[in-house]
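Shown next, in C-alpha cells, is the structure this report addresses.
The values are calculated or read from the model by the stated rules, or taken from the named source; none is laboratory data. Quantities reported herein were computed from a predicted structural model and do not represent experimental measurements. Every residue, glycine as well, gets a Cβ built from its backbone with ideal geometry; the counts of neighbours run over all protein chains shown.
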Amino acid sequence: MDRKTLLAVLLSLIVVIVFQTFFFPKEEPAGTRSRQAVTDSLGRPFPASEPSLVSPTEGSVPRTEIPVSSATGWSGAETETEMVVETGIYTAIFTNRGGMLRSFKLKGFADPVGQPVEIVLGPREVGLVIEGRSDSGDLDNTLFAGRQESLGDGRTRIVFEASNGAAGTIRKVFTLDPDEYLLELDIELSGLDAEGYRITWNGGIPRGEKLEKSYEQAAGTIVLLGKNKETIRPKEFKKVSSKEVTGNVRWAGVRNKYFMAVMIPPEDTSSRVIAVGDHEAKITGAQIVMPMRQGKAQHGFLLYVGPMEYNRLKGLGHNLDAAVDLGWKVFRPVSKLLLASMVFIHKFVPNYGVVIILISLLTKLIFYPLTRTSMKSMRAMQKVQPEITALREKYKKDPQKLQAATMEMYKKHKVNPVGGCLPMLVQMPVFIGLYQVLANDIAVRNAPFVWWINDLSSPDVIFSIGSFPIHVVPIILFIFTALQTLLTPQGDPRQKMMGYMMPLVTLFIFYSFPAGLALYWTVNSILTVAQQWMIHREDPTHKPAAA
C-alpha cells in the first residue's frame, strides 16, 4: 500500500470517528454520582434473578418481567379484579394484583401494526418493594382491595389498600387527569418493620417502532440527578443484573426511542436509584429508593407515562424535558432553536418533509456568505498548489525553511491556509443540532413525505431485492456527494483518494438512517453542489477536480 492510499484510508477512518463522536454523543459525566454493586438499605446484596417471559399481546414484542423476592402475609382481597380508565388520549387498565398498571395505551400514537402504543411491557408496573427485617420483599403479587372513584373535576382516582394482619397497612392511590399523561401516585405506609421502600418500573417499554436498531440505540434507564442526566443501556447488564446511581434524584424511569415512563419523587427525598436489566432481552428498569421513619412513610409521587415531546415536557416542569436527547450541552441551545423553528413552520406547512427542506434552504441561505468565503479560499489554495509542491521539493530536508517559505508564499498571494475550514467549523453546531432534532423529535414519527416515503423516522424503501431493501434517498445523496467531490478544488494529490472515498463512506453511513435525516443531508448536498456551481462560474479559470 503506497503512502497516498494509506493516507486516504486513515483520513476516511478519521471522518467516521468524528462523525460518530459528534452525531452520536454520550451523556456528559454526572459529577460525583457513582455506580456500584447494589445493596439494600441495610447493606445486603440485591438479589439477582433471571427474567421470565410471559405471553406477549398481539402485535407487540414479548413482555418481560424482572422479578425480585416476594413479600408474604399481605392481603386486601381474595380475587383479582381490573379497573379501566378511558379518556380521549389514553386507556389505562389497573389490576388489584400488586395495585399496579397492567396496560397504558396512547390513543394518539400507533405502533407498527397500527394499534395504540403500549407503554407497559412487563406484566404489571409501578410496583412497591419493602426493605426491612420482618417486612421485606415486593408486593407485586399481593391482592389489594381496590376501588375506582370519579372526582368532581373530571379526574379519576384508583385506590388500593392492603394489610398484614397486624398493624401494617399499605395504601397506593393513583389520580388520573383525562387530558394529561401525568399521573399522581400517593404512597402511605404505616406499622411496618422496615427502614425504606422502593417504587419500581422493572420491565422497560415495548419497542413501538419498525426498526429494532432504533429501539436498541435509545432504550434504557434514565435518571436525573440534580441537573445531570444518567442513561444506563441494556448492554451494561452483560455481567450484572443491577446497578446503582446516587445523587439528588429528581426523577427516574425508562425510555425507548420516542416514549418514556418516569417516576418523580418529592424534592430532596431520595438519593439512590437502582437500575435493573437483562442484556439478552434488551430490557432495563428503574427503582427509586425512598426512606421510612419509625416504620412509616407518606410520599406524593408524579408519574409521567407518555410521548417524549419536548414542548409538552417543558411545560410540565420538573426538568422532564432533559429526557429528550438534544446533543451535548454546548449544542442544545442551537437544537432548541431549530426545534422551535420546525414547530413554527409546521403551523403553516403541514408536511414535515417539506419543513425539513425549508429548514435546509434557510440554513444554506444564512451561511451562504461563509460558504462562499470557504470555497474561494479553497480555490485560492488550489491555484498556489504548484508553488507549494515546488517548495516541498526544494526544502524537503529542511522543515523549518519549508515552513517559513510556505508562509511567505501564502502572504504574497494573500491566501489563508485555514480559510476553507473555519467557515465550516462555524456551521457545525447547526448541522449537529439539526441532526439531533431530526433523530429524536417525535413529530417526524410516522410522518409521511411524498410517494414511497411514508415515515420520516424510518428508512425509505421503494422495493427489495430478495431481503435487501433499496433505499432511494441515500442513493441520491451518494450521487450528489460524488458531484460535490468533483466540484471541490483538490489541488493536493493526497486529497484525491479521500475525495473519491467520501461518497462511498457517506452511502455506507446513511444507508440505514431514517428518511428524515437522509432527506436533510441529501437536500444539503444538492444545495452545496448548486452553490459550488454558482461560485465557480465567477472564476472562468476554475477547473473541477481531475478524475
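Restricted to the stretch 323-416, the set of helices (runs of 4 or more DSSP H) holding at least 3 residues that are of a type in the set (A, V, I, L, M) and under 30 Å from Leu517 (Cβ atoms) comprises 332-346, 352-366, 368-383. The set of residues in the stretch 470-504 being modelled with pLDDT of 85 or more and either farther than 22 Å from Met534 by Cα or not assigned by TED's automatic domain parsing to the domain that holds Met375 (or both) consists of Ile470, His471, Val472, Val473, Pro474, Ile475, Leu504.
Take the conditions hydrophobic (A, V, I, L, M, F, W, C) and either closer than 20 Å to Gly433 by Cα or assigned by TED's automatic domain parsing to the domain that holds Phe237 (or both) and apply them to Met308. Does it pass? It is true that Met308 is hydrophobic (A, V, I, L, M, F, W, C) and either closer than 20 Å to Gly433 by Cα or assigned by TED's automatic domain parsing to the domain that holds Phe237 (or both). Residues of the stretch 257-280 being within 20 Å of Gly300 (Cα to Cα) and in a loop (DSSP other than H, G, I, E, B), which ones? Within the stretch 257-280, Pro265, Pro266, Glu267, Asp268, Thr269, Ser270, Ser271 qualify.
Here's a check for you: in the stretch 269-297, which residue that is of a type in the set (S, T, N, Q) and buried (at least 21 other Cβ atoms within 10 Å of the Cβ) is farthest from Gly203 (Cα to Cα)? Top of the filtered list is Ser270. May I ask you to say which residue of Ala286, Ala322, Ala297, Ala281 is in contact (Cβ under 8 Å) with a residue 60 or more places away in the chain and under 16 Å from the mean Cα position of the chain (by Cα)? Answer to the selection: Ala322. Which of the residues belonging to the stretch 155-196 are part of a loop (DSSP other than H, G, I, E, B) and either of a type in the set (A, V, I, L, M) or outside the structural domain of Thr87 (by TED's automatic domain parsing) (or both)? Correct list: Ala166, Ala167, Leu192.
For the stretch 438-455, residues that are of a type in the set (A, V, I, L, M), in contact with an Asp or Glu (Cβ under 7 Å, 6 or more places away or on another chain) and closer than 17 Å to Trp521 by Cβ total 1.
Before we move on, is Asn311 surrounded by fewer than 16 Cβ atoms within 10 Å (Cβ to Cβ), within 20 Å of the chain's Cα centre (by Cα) and polar (S, T, N, Q)? Yes, satisfied. Hey, does the stretch 150-158 have a residue that's under 30 Å from Asp455 (Cα atoms) and in contact (Cβ under 8 Å) with a residue 24 or more places away in the chain? No - not one qualifying residue is present in the stretch 150-158. Being over 21 Å from Lys105 (Cα atoms) and either in contact with a strand residue (DSSP E or B) (Cβ under 6 Å, 6 or more places away or on another chain) or not assigned by TED's automatic domain parsing to the domain that holds Leu121 (or both) is a property that does not hold for Gly203. On the stretch given as the stretch 70-107, residues that are within 15 Å of Arg124 (Cα to Cα) and not in a strand (DSSP E or B) total 5. Candidates are the residues of the stretch 176-200 that are crowded, with 18+ Cβ neighbours inside 10 Å and of a type in the set (Ser, Thr, Tyr); the one that is farthest from Thr156 (Cα to Cα) is Tyr197. Does Gly300 fit the bill of being within 30 Å of Arg198 (Cα to Cα), surrounded by fewer than 16 Cβ atoms within 10 Å (Cβ to Cβ) and at pLDDT 95 or above? Here the answer is yes, as Gly300 does meet what is asked.
Lys411: more than 38 Å from the chain's Cα centre (by Cα) and surrounded by fewer than 17 Cβ atoms within 10 Å (Cβ to Cβ), yes or no? For Lys411, the condition - more than 38 Å from the chain's Cα centre (by Cα) and surrounded by fewer than 17 Cβ atoms within 10 Å (Cβ to Cβ) - is met.
Quick one: would you say Ser242 is among the hydroxyl-bearing types (Ser, Thr, Tyr), surrounded by 17 or more Cβ atoms within 10 Å (Cβ to Cβ) and out of contact with any helix residue (DSSP H, G or I) (no Cβ under 9 Å at 6 or more places or on another chain)? So Ser242 fits the description; yes. Lys383 satisfies every condition listed in (1) surrounded by 15 or more Cβ atoms within 10 Å (Cβ to Cβ); (2) under 23 Å from the mean Cα position of the chain (by Cα); (3) not β-branched (Val, Ile, Thr) except (2). Scanning the stretch 190-218 for residues that are touching a Lys or Arg at 6+ places or on another chain (Cβ under 6 Å) and of a type outside the set (Asp, Glu) yields Ser190, Ser214, Tyr215, Ala218.
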